[in-house]
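Structure first, commentary second.
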Amino acid sequence: MTRMVQCAKLNKEAEGLERPTYPGELGKRIYLNISKEAWAAWVGHQTMLINEYRLTPVDPKARKFLEEEMEKFLFTDESKAPEGYVPPAQ
């Protein structure tokens, strides 16, 4: 049976994650309040941030930045694309 959550990002009931995707309290909060659809959107946004800012995910400063952006993206409307970012043509 599919686990449903009231998604904080999408403001609707949606299919929840199958398992926690991030450690600690933030990971628990994500598991309980974020849908698969919203998590997939975050993964895309995170990829864009890594590429645009040329981040190295193993660097502690980059990891801290990405964690802060993840929380902003999933639980507020404060996460933005880098200034001047132009999405690729589809």
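The values are calculated or read from the model by the stated rules, or taken from the named source; none is laboratory data. What you see is a predicted model, and the numbers here were worked out from it, not measured in a lab. Don't worry about glycine lacking a Cβ; one is built from the backbone with ideal geometry, like all the others, and counts go over all protein chains shown.
Has the range 79-87 got at least one residue that is modelled with pLDDT under 95 and under 18 Å from Thr21 (Cβ atoms)?
Scanning the range 79-87, I find at least one residue that is modelled with pLDDT under 95 and under 18 Å from Thr21 (Cβ atoms), so the answer is yes.
Filter the range 42-59 for residues that are assigned to a helix (DSSP H, G or I) and over 12 Å from the mean Cα position of the chain (by Cα) and give the result.
If the condition is that a residue be assigned to a helix (DSSP H, G or I) and over 12 Å from the mean Cα position of the chain (by Cα), then Ile50, Asn51, Glu52, Tyr53 are the ones that fit.
Select from the range 5-32 the residues that are in contact (Cβ under 8 Å) with a residue 12 or more places away in the chain and among the acidic types (Asp, Glu) and write down the one among them that is nearest to Phe75 (Cα to Cα).
Glu15
If I ask for residues that are assigned to a strand (DSSP E or B), out of contact with any Gly (no Cβ under 6 Å at 6 or more places or on another chain) and surrounded by 13 or more Cβ atoms within 10 Å (Cβ to Cβ), which ones from the range 5-22 would you list?
Gln6, Cys7, Ala14, Glu15, Gly16 - these are the residues of the range 5-22 that are assigned to a strand (DSSP E or B), out of contact with any Gly (no Cβ under 6 Å at 6 or more places or on another chain) and surrounded by 13 or more Cβ atoms within 10 Å (Cβ to Cβ).
Could you please find all residues in the range 23-59 being within 17 Å of Asn11 (Cβ to Cβ) and loosely packed, with under 12 Cβ neighbours inside 10 Å?
Ala40 - this is the single residue of the range 23-59 that is within 17 Å of Asn11 (Cβ to Cβ) and loosely packed, with under 12 Cβ neighbours inside 10 Å.
Residues in the range 60-83 that are exposed (fewer than 13 other Cβ atoms within 10 Å of the Cβ), in a loop (DSSP other than H, G, I, E, B) and either touching a helix residue (DSSP H, G or I) at 6+ places or on another chain (Cβ under 9 Å) or basic (Lys, Arg) (or both): how many?
Qualifying residue count for the region: 4.
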